[in-house]
Amino acid sequence: MGKRLALLAIRLLVSVNLLYAAIFLKFAVVPDSVTLFTQMSQAVHGLVSQPVFRLGSGTFETVMAVLLLLPKTARLGARLTVVWMTAVIFSHIFVLGYGWFFVDALVVMLLAVMYLLLTRRQSDGGDPESVEDDGRRTNAQTIVGRNSAYLANSYQSIDDTFVQQTHFDVFGLHVRALNPIKEKSL
């Protein structure tokens, strides 16, 4: 129960932070925000205008916040948040300088990474708040499982070769590796 509350609290903190930044800073045309995005526009030699930078990032942050609020898409939202905050941190390091917005980006990124680490054992198809393995499989896992079973059955019929299955996880996706073993004569 405590882990579920911690995961919910992390999701809410990150979502509220992203929505606050999008609505009250970027969409409301706060002077500090306009100054930062003007500097970003100048850093790319005006190829992207300040309003496009500001409103585009505000829209993307709103989408990430909504993804984080929905339990089935929370991990996707956290992943996007980590990628986005990495870009924000680099922009502060190389263009904008350090300040409260930089610290805010660090905190949001750390919270998103914590969420991903706390939910890493479960599949993306299940409920993000239940981190125990309940035996359910996602579509991708079922396809990998079906293909592995098919390969094992077809490979067994050739030269009486037996197949040893090795199970492992790759980025949350359960994969079975097939190792051929020749039949030992008795």
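The lone criterion from (1) in contact (Cβ under 8 Å) with a residue 24 or more places away in the chain; (2) more than 17 Å from F27 (Cβ to Cβ) left unmet by Y98 is number (1). Note on region 94-106: among residues that are surrounded by fewer than 15 Cβ atoms within 10 Å (Cβ to Cβ) and within 13 Å of M40 (Cβ to Cβ), the one that is modelled with the lowest pLDDT is G97.
Within region 56-102, the set of residues being out of contact with any Gly (no Cβ under 9 Å at 6 or more places or on another chain) and outside any helix (DSSP H, G or I) comprises G97, Y98, G99.
The values are calculated or read from the model by the stated rules, or taken from the named source; none is laboratory data. Given the structure is predicted, the values throughout are model-derived calculations rather than measurements. We place every Cβ from the backbone using ideal geometry, glycine too, and count neighbours over all the protein chains shown.
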